[in-house]
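The values are calculated or read from the model by the stated rules, or taken from the named source; none is laboratory data. All values derive from a computational prediction rather than experimental measurement. Backbone-built Cβ (ideal geometry, glycine too); neighbour counts: all protein chains shown.
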Amino acid sequence: MKKSILTFALLFMWITFVKAMDPAYEAAMQKQIQAMNSIPNLETAQQVTNGFIRIAEAKNEEWLPLYYAAYMNVISAFRFDVNKDQYFDQALQWVNKAAEISPDNSEITALHGFVIMGKLSVDPASRGQEMSPMAMQLFSKAINQDRENPRAVTLMAQMELGMSQFFGSGPEKACGMARLGLELFKKEKMKITDDYILPTWGERDAEGVLKNCK
């Protein structure tokens, strides 16, 4: 009986290991991530986003394709002349689906905050009171979920900078967080390989915050 249980356990571990190593999935993700790093126009951005959604439909147990599709929508909303609320709302749907697959994920929580920050930017006057605390809470939660996540720290730094500019206070807190973010990006780079598919974006955002610092 014990031998049967051990055999079943080993078989289950092997199946899980094989599922985790899916060369086709990883190759598809690498191709889309490479394309994501060069987006000249909205049409290309939409093509890349659609590519991630196709992967998500084929691999519905994976959170990363949904994460990147949401991220692409956020970036497109900031960069291009689109219906920004529509893009942010679609991003939020994908973020929520990703969170169902991978709960308590710092990357997903930070991206959720990024979406809220985007919606806030559409109409700061009427949305600030509700959405500013919401974004801050999400960034704080993301940091607590993983204190080594440079994107969570950098997004918080951006939010702190915006708050300091709005209230006319100093940027010291934002600057400190941006410096911490850059240190975390340095640590992250040591883990990155040619086949790395986890998020790596955000370093230039931290550098952008530091331009406001003495």
Practice problem: Determine which member of the set Ser132, Ser121 is surrounded by fewer than 22 Cβ atoms within 10 Å (Cβ to Cβ), assigned by TED's automatic domain parsing to the domain that holds Trp201, part of a helix (DSSP H, G or I) and among the small types (Gly, Ala, Ser). | Solution: Ser132
Quiz item: When residues of the range 31-49 are filtered for being among the small types (Gly, Ala, Ser) and farther than 18 Å from Tyr67 by Cβ, how many remain?
Solution: 1
Self-check item: The lone exception for Thr200 - which of (1) over 21 Å from Arg79 (Cα atoms); (2) in a loop (DSSP other than H, G, I, E, B) it fails
Solution: (1)
